[in-house]
């Protein structure tokens with residue numbers, strides 16, 4: 001399926017809600033869970049979720065939710081989660097990726113980390129809105145594509161908006177990203193962004209600044 | 001685990017002597033990032049001086065002002081995840097504060113047989129090979145595709 005067709009699959013508002021719910025969760029979710037979150041019947045949710053899988057936007061896995069196996073344990077549940085695919089389409093054609101990669105390559109060799117972080121912090125501050133708590137921060141971060149999910153006292157970010165760049169230039173780009181988020185939370189005195197890198201997630205978490213000061 | 005392993009060396013010239021307060025952000029984190037390595041999936045070994053927890057006092061043919069760090073891992077993925085997707089990233093992102101701008105490649109990867117502990121001299125040879133000839137199966141970087149088989153060592157995990 002071409003990228004433009006995959007994007008078009010998201011036009012249906014119910015399908016869009018289901019997609020956004022599934023990708024915002026940590027791990028895979030069942031049809032029932034997604035249906036309830038989107039406020040639709042399970043069979044309608046199943047129809048839409050399978051369209052999203054067909055478009056390559058979601059993936060499925062099979063798991064026994066009850067943890068049992070053998071006769072009488074029931075069929076394994078079909079679960080859905082975000083796929084690893086990146087889909088983009090721009091009109092007219094734009095290729096910011098190539099330029100970004102070249103700029104990052106040169107900045108890395110020249111070790112411009114400190115200057116880049118300063119620029120990113122200024123950029124974040126310029127875009128900052130007053131944010132009074134973690135829930136409000138979550139909305140701001142969601143609007144910027146980070147897919148925040150609560151994990152106890154912190155917000156983890158399931159999506160790195162700079163993903164491919166962060167794979168190719170991790171020190172440079174992840175440092176930039178942290179600085180950007182620090183700037184963005186500048187108007188939120190009770191909150192802070194800090195680095196907590198682990199595989200598969202954005203390397204930054206957001207938390208209340210009074211937690212475990214170190 | 002008896003397959004070949006991945007060795008790495010990275011070097012740098014600190015901006016100030018290690019005892020200088022301006023290096024405190026780095027030196028205060030050493031024990032933490034070293035413990036993270038020791039406990040990371042796929043970690044095999046790291047260079048440590050007798051009686052110390054790291055090799056920050058150790059010097060090599062590269063010069064008296066150059067810090068060296070060397071370790072061995074079960075796979076590229078294990079090393080990459082440690083360097084770039086663990087607490088180590090929080091220190092790495094501040095490298096420009098603490099280390100001079102490298103004028104030549106400062107890290108090298110190479111394949112070694114299981115059970116072999118690389119020496120500093122061997123590691124420096126591999127770095128100099130990379131600097132002289134660019135990436136090859138015997139001295140390469142994360143972006144290069146060579147496997148242990150390409151280096152004549154049989155298959156590793158990945």
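Based on the Kirkwood radius over alpha-carbon pairs, what is the Stokes-Einstein translational diffusion coefficient of the protein assembly as shown at 20 °C with 1.002 mPa s viscosity, in µm²/s?
Rounded to a whole number, D works out at 92 µm²/s.
Taking each residue of A:167-177 in turn, how many C-beta atoms of other protein chains fall within 10 Å of its C-beta, and what is the average?
Going residue by residue through A:167-177 and averaging, the value is 4.
If eta is 1.002 mPa s and T is 20 °C, what Stokes-Einstein diffusion coefficient results for the range B:119-158, Kirkwood Rh from Cα pairs, in µm²/s?
D = 199 µm²/s.
Within a 10 angstrom radius of the beta carbon, how do B:80, B:73 rank from fewest other beta carbons to most?
So the residues, fewest neighbours to most, are B:80, B:73.
Going by how many other Cβ atoms sit within 10 Å of their own, how do B:116, A:48 line up, fewest first?
In increasing order of surrounding Cβ atoms, one gets B:116, A:48.
Along the Cα→Cβ direction, 7 angstrom out, place labels at residue B:119 and residue A:122. What is the inter-label distance in nm?
So the two model labels end up 5.2 nm from each other.
Any idea what % of Cα-Cα pairs in the range B:1-152 are farther than 18 Å?
Of the Cα pairs, 58 percent sit more than 18 Å apart.
Between residue B:27 and residue B:104, what length in nm is gained on full extension when 0.36 nm per residue of separation is reduced by their alpha carbon distance?
Stretched fully, the residue B:27-residue B:104 segment lengthens by 25.3 nm.
Rule-based calculations on the coordinates, nothing more; no lab input. Here the structure is a predicted model, which means the values were calculated and not measured. As a convention, Cβ positions derive from the backbone with ideal geometry for all residues, glycine included, and neighbour counts pool all protein chains shown.
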